[in-house]
Amino acid sequence: MEQTEYDYLKKIAPEPGNLIKGLQAIQAREGYVSDDDIRAAATYFSLAEVEVEGVLSFYAQFKRNPPGKYRICVCDGTACHIKGSALILDWVSTELGIKAGETDAKKLFSLETVACLGCCSLAPVMSINGKVFGNLDRKATVKILKEHRKK
Ligand code: FES
């Protein structure tokens with residue numbers, strides 16, 4: 001990966017104390033933090049690669065493996081939690097055979113939970129590659145997954 005691919009990091013001051021912000025920006029863009037990303041972050045924030053790896057392994061929010069073709073984010077913010085997000089997560093998990101934080105063997109689906117997708121009036125909500133699906137019940141959730149599996 002070329003260093004120029006990390007130009008978006010320039011919005012963050014290149015100080016070691018901003019490493020987590022930088023890693024969050026990388027992950028938001030790529031879905032995970034690769035070995036190349038570690039090298040780039042270490043250079044940008046003036047840290048040793050081993051220090052960057054230490055932060056990555058300490059915080060569960062960071063992923064070291066690429067996500068599946070479809071990145072499913074089940075919202076577990078307050079509004080969605082009250083409206084049964086735990087059930088949504090359970091249904092998705094059962095349907096796909098993976099838990100939050102995992103990717104299926106075919107690398108088709110990865111599953112994660114997020115704090116709030118910003119559309120609480122549609123709770124409970126999940127997104128797939130950024131597209132939001134709201135007012136979910138079991139039938140709708142399973143149908144959406146089956147449609148994506150066929151694509
Ligand atoms: S709490 Fe789920 S979208 Fe806000």
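Values in this text are rule-based calculations from the coordinates and carry no lab data. A quick note: this is a predicted structure, and the numbers were derived from the prediction, not measured. Backbone-built Cβ (ideal geometry, glycine too); neighbour counts: all protein chains shown.
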Descending principal axes extents, the chain, alpha-carbon based, whole Å: 50, 32, 25
Charge dipole (debye, nearest 20) of the range 70-150; +1 at Cβ of Lys and Arg, -1 at Cβ of Asp and Glu: 340
Convex hull per residue volume in Å³, alpha carbons only, for the range 3-58: 70
Debye intensity ratio in log₁₀ form over the Cα atoms of the range 69-151, taken at each q of 0.15, 0.16, 0.21 Å⁻¹: -0.44, -0.50, -0.88
Using a Förster distance of 25 Å, the FRET efficiency for residue 49-residue 107 (Cβ separation, nearest 0.05): 0.45
The range 61-114 - Rg over Rh from alpha carbon coordinates, Kirkwood radius: 0.98
Spin-label model distance (nm) - residue 57 vs residue 131, 7 Å beyond Cα toward Cβ: 3.9
Bridge type composition, the range 41-136 - antiparallel percent by DSSP, nearest 5: 55
Dimensionless Rg ratio for the range 10-94, taking C-alpha atoms and the 2.2 N^0.38 Å reference: 1.32
